[in-house]
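Written out below as structure tokens is the structure these notes cover.
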Amino acid sequence: MLILGIESSCDETAASVSENGTKILSSVISTQIEEHKKYGGVVPEIASRRHSENILGVVREALDKSGKSLDDMDAVAVTYAPGLIGALLVGVNFAKGLAMAAGKPLVPVHHIAGHIASNYIAHPGLEPPFLCLVASGGHSHIIEVLSHTKFRIVGKTRDDAAGECFDKCARALGFPYPGGVHIDRASALGNPETYNLPVPRVAGSEYDFSFSGLKTAVVNMVHNASQKETTINVNDMAASVQNRISEILVSKTIAASRDLGYKKIVLAGGVSANSGVRSTLEKACAENGFELFMPPLSLCGDNGAMIACQGYFNYMAGITADVSLNAVATMSIEKI
Ligand code: KG4
Ligand code: ZN
């Protein structure tokens, strides 16, 4: 079965053709990072405009590179939630037009389910149920993946997402957007014990996250240092931030796995590219006897292949949409 997957929820216009979900015949990603960098973050209107300009070329290239035509596709899958509404609308409307004109089924895909599905591509033997830590620029969730299309949220962030925290701390340290990868690189040269950053306490749910206090602490330390004309060692601060975020994400995931009886842990989302998160989770899983699955770096960020993959599983489960499909900025993964 051949699925065309389309992604436009944030600042990447992406498309991919997959065979039976996990075999990627092509994957094309057009990133807008260079443009948004000038403003220190994603400017929603610019994102929508670039998606509109790029989407036809990206989809055409994905079809060309796969050696297949639109006619060969069994379905067209598209990210419809969550994300920037204007950005999502470009992909949704494009996919609708394409599916209707070609007489193909239209398959709606939840962006977070797509991130999780990147692991099915990388690990063909991986099957639900498992527990998944999803950490990206917009989301930090611990999710029970009950089946390919059924999810239960165990914990989530009360405020900032982990990727957002990485990016805001990076900005305070003078790195360009998106700063997560710069923190990662600088960390390798720093001492994580240098700065004592707060460990957030989240009242009520032991699996929920909170990252805004950590971000504020870093911003304040940098500000106070500049007021006193002292210096912050950027590499040491980067290492301290990365270490703290990794500890927070991993300790809650391990606790949830133990409590809920999961032996398989999966990592997903843009932050899964972070070397500290990966090594901390690897170590914790080895110590606890858990099996760990992580996406390769090429599938950590937003891409069309993960949407085509999840689109396949949705289609097989009978999840399709008609022309009334709309984009939704905020939607729980439990609702798909
Ligand atoms: O999944 P993604 O591409 O977009 C969303 O769905 O949000 O995630 C992007 C986020 C950004 O915050 C970015 O800084 C972060 O993932 N990120 C990283 C690394 N690579 C990407 N954060 C820390 N370390 C990295 N190596
Ligand atoms: Zn994403």
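Quick note: the coordinates plus some simple rules give every number you see, no bench work behind them. It should be emphasised that the depicted structure is a prediction, and the values quoted were computed from it without experimental measurement. Every residue, glycine among them, receives a Cβ derived from its backbone with ideal geometry; neighbour counts consider all protein chains shown.
Put simply, the amide H of Ser26, placed in the peptide plane, has neighbours under 5 Å in Val17, leaving out anything fewer than 5 places away on its chain. Taking every alpha-carbon pair in region 204-267 and binning the separations at 10 Å intervals from zero gives 18, 38, 24, 15, 5, 0 percent.
For the chain, relative contact order (Cα pairs under 8 Å, six or more residues apart, normalised by length) works out to 26 percent.
In this simple spin-label model, placing a label point 7 Å from the Cα along the Cα-to-Cβ direction at both Asn326 and Asn233 gives a separation of 5.4 nm. For the chain, the longest principal axis of the C-alpha atoms and the axis of helix 85-102 are separated by about 20°.
Normalised radius of gyration (Cα atoms, divided by 2.2 N^0.38 Å) for region 168-238: 1.18. Protection proxy ranking, highest mean first, for peptides 296-307, 177-188, 227-238: 296-307, 177-188, 227-238, where packing is the per-residue count of other beta-carbon atoms within 10 Å, averaged. Of Lys215/Lys335; Lys38/Lys263; Lys65/Lys215; Lys23/Lys335; Lys168/Lys252; Lys68/Lys252, which sit over 32 Å apart, Cα to Cα? In this structure, Lys38/Lys263; Lys65/Lys215; Lys68/Lys252 lie more than 32 Å apart at Cα.
How much length is gained if the chain between Met100 and Glu193 is pulled fully straight, taking 0.36 nm per residue apart and subtracting their Cα-Cα distance, in nm to one decimal?
Numbers: separation 93, 0.36 × 93 = 33.48 nm, distance 5.69 nm.
Here the answer is 27.8 nm.
Estimated from the Cβ-Cβ distance and a Förster radius of 25 angstrom, the FRET efficiency linking Leu260 and Ile33 is about 0.10. Bridgeable aspartates and glutamates around Lys150 (alpha carbons under 16 Å apart, same-chain partners fewer than 8 residues away excluded): Glu127, Glu334.
Hey, any idea what Rg/Rh is for the chain, computing Rh the Kirkwood way over Cα pairs?
On the way: Rg = 19.9 Å, Rh = 20.2 Å.
Rounded to two decimals, Rg/Rh equals 0.98.
When all C-alpha to C-alpha distances in region 76-227 are sorted into bins of 5 Å, what percent of pairs does each bin hold, rounded to whole numbers? Per 5 Å bin, starting at zero, the Cα-Cα P(r) for region 76-227 comes out as 2, 8, 12, 16, 16, 15, 13, 9, 5, 3, 2, 1, 0 percent. Distant-in-sequence amide contacts of Gly155, defined by a placed amide H-H separation under 5 Å and a gap of 5 or more residues or a different chain, comprise Ile142.
Within region 129-295, the proportion of Cα pairs with more than 26 Å between them is 26 percent.
Residue-wise, which Karplus ³J(HN,Hα) couplings in Hz belong to region 300-305, taking 6.51 cos²θ - 1.76 cosθ + 1.60, θ = phi - 60°, and x for glycine or proline? Once θ is set to phi - 60°, the couplings for region 300-305 become 6, x, 5, 7, x, 4 Hz. Taking all Cα pairs closer than 8 Å and separated by 6 or more residues, the relative contact order of region 129-295 comes to 27 percent.
Starting from the Kirkwood radius over alpha-carbon pairs of region 1-102, derive D by Stokes-Einstein at 37 °C in a medium of 0.692 mPa s and give it in µm² s⁻¹. Could you put the intermediate results ahead of the total?
Numbers: Rh = 13.6 Å.
In µm²/s, the coefficient rounds to 241.
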